[in-house]
Amino acid sequence: MQFEVFLKYPFVLLVGFLITYMLTPTIRILAHRGGMVDQPRRRHAHTRTTATGGGIAVFLGFHAACYAIFILPWAPFMGELDAVWWWHFLVLSTLLLAIGIADDLFEVRPILKLAGQVLVAILAFYSDMRIGAILGVTLPTVVDLLLTVLWFVMIMNAFNLIDGMDGLATGLALIAAVGLAGSFLIRHMPADALVLIGMIGACLAFLRYNFHPASIFLGDSGSMFLGFLLASVALSSGGAKVTTATTIMVPLLAVGIPIFDTGLAIWRRTMRRFLGKAASPDGTERARVFAGDIDHIHHRLLRSGLSQRGAAGWLYALAMGLVGIGLLSMMYHSHATGIYIVAFVAITYVVVRHLALIELWTSGQMIVQGLHRPGNHLLGIIAYPMIDILSLTGALAIATAFTGPFETFMEWKDLWVDQTPIWVGIPFLSMFMARTYSRVWSRARMSEFILLGGALLAGALVATSLTMAIRIVRPSDLVLQFLLQSSISITLIAGIRALPRAVIDAMSSRGQARGAGGEPARRVLLIGANSTQASLFLINQGFRLANREAVAHVVGYIDNNRQLHDRYVGGRLVHGGIDRLEVEIKEHDVDMLVIIDPLDDENMQLVTTVADRNRVDVYAWPAGIRTIRKNRPVE
């Protein structure tokens, strides 16, 4: 009996491995004969025609392992997954496999493939593969259905989108399965771990043919299957239904890299869609949310100079680190919150510092284009009130958590909800009366931010007085709640309004760049210290860098306002008035003048005369760059 306990683990692993290993070469031959091949394209890392549909071998190997788990006469072992779950999963995964094979053969339209995924997810929900509850709070049926469908679709597409490089999706799915299997063994759920061990065996065998240089790809049939399997096991095993944060977060960390990549892709493509930008460098493909691009994580790693093996290894290492964090949090659950905070900060830093620059830049362009149209009050009418209400509600949640007399989660929730009308409604009304929503915050002065803070303080004081009148509260708790609520809400609400200005300043500082191919950038002197328009000019030139066009290196300003002389506006020095124009051109080797603020006829004549004499180009901004004088030869 003791021998059998240990025998089933290697036996299931070998079944999944051997079936997949033996079937993959046959499926590769049939794929070539049937035209199920992937031609090299701009978005792909491979350079030769390669068979696809390898997911069929992984599918068969995994289900052979499940047969060994649930049909062979083992002694009883514990776990949430059983033969009933396997039967339901077999039917649903077969339907999903058929959708994937159709896409591998005929390239099904993305919207139809998404509809198929949603259908499979709905059927999974009614097969008891559902979230059910979060942190002990039972979800209403409709909410449960929506979140469950979102979970399945998110994980399936995460692995589908990241399957753009040899061995990447298979390797990440393998690492995720190892992490989840480890979490189930820690929780004494061997049946659930065995299911994932069967998946590990199948993935290991397929990597023999799929690692660089790959002779066969997973295809949509395989990548969606692996995502569906991980999503189903994470839900069906009860991991998301328990009350501890560790068991909820382990599946998320296990599939963290594909989810991050999918989130970045949706963010990036949505921004480009709104901006009307092309998805390809030649401008022939229009950006669409469901259209592919060449800015996934693995594409960026390859462009950074890594080989396919190096890029895959880098992402494998990051995935193993995330899985390790999840398993450590289960073994040392008393410190789980701290571990997750450290993990979240580390992941956020890596993504923003190394991976999300394209998305941040494109999002900044959205903000900048909005600033080009300050007459559009849609943001102030719709977005700001919603953001303010969420900020006030979040601040109240934190304040009550530190000051409220409660012992359980439900008592805290009831106290939070009871106080919301007073502590959210009154400060919001105070902000409205202070005409907060009729201001253009991207051009706001310090006095307007002080007025905003004063309105929030006044609202918090009134809320404090009402709370004192209708409830018996210790004065010390009420003072602490006032301080926390007002300070957090002011920080959030004022910070969000200051964000556009910060984005402009940050992006303009990145505008100091070199031209394509290492050529020096144009040395520019701005005439007029309108910092907003100057920043917009710099950002526009920074975007030109991405299209391999000329960029600007701004050496400073010329402005007739003597109060600005020798001061910095937007991080750049105002050298003096127009009377110093020729001196500054020679001293800083300027080859371009850009007029930011409109000039009268006399000063315009002076600028053009000096420019002609020094062979300097003159342009006008905004409304694009309009040529005034073209004095330098075209190189």
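The values are calculated or read from the model by the stated rules, or taken from the named source; none is laboratory data. Predicted, not measured: the structure shown is a model, and the values here were computed from it. No Cβ is skipped: glycine too gets one built from the backbone with ideal geometry, and neighbour counts run over all protein chains shown.
Output the residues belonging to the range 132-184 that are of a type in the set (Val, Ile, Thr), crowded, with 21+ Cβ neighbours inside 10 Å and over 30 Å from Ser215 (Cα atoms). Once the filter is applied, which keeps residues that are of a type in the set (Val, Ile, Thr), crowded, with 21+ Cβ neighbours inside 10 Å and over 30 Å from Ser215 (Cα atoms), the range 132-184 yields only Thr148.
In the range 98-122, the qualifying residues are those that are surrounded by 16 or more Cβ atoms within 10 Å (Cβ to Cβ) and among the aliphatic types (A, V, I, L, M), and the one that is nearest to Thr148 (Cα to Cα) is Ala121. Checked against (1) over 25 Å from Ala51 (Cβ atoms); (2) touching a Pro at 6+ places or on another chain (Cβ under 9 Å), Asp166 passes all but condition (1). Screening the candidates Thr24, Thr50, Thr20 for the property of being among the polar types (S, T, N, Q), more than 18 Å from Gly198 (Cα to Cα) and either modelled with pLDDT of 80 or more or in contact with a helix residue (DSSP H, G or I) (Cβ under 9 Å, 6 or more places away or on another chain) (or both) yields one hit, Thr50.
For the range 76-93, the condition holds for at least one residue, the condition being that it is of a type in the set (S, T, N, Q), surrounded by 13 or more Cβ atoms within 10 Å (Cβ to Cβ) and under 20 Å from Ser223 (Cβ atoms).
Select from the range 422-445 the residues that are within 17 Å of Leu478 (Cβ to Cβ) and part of a helix (DSSP H, G or I) and write down the one among them that is modelled with the lowest pLDDT. Within the range 422-445, the match that is modelled with the lowest pLDDT is Ile422.
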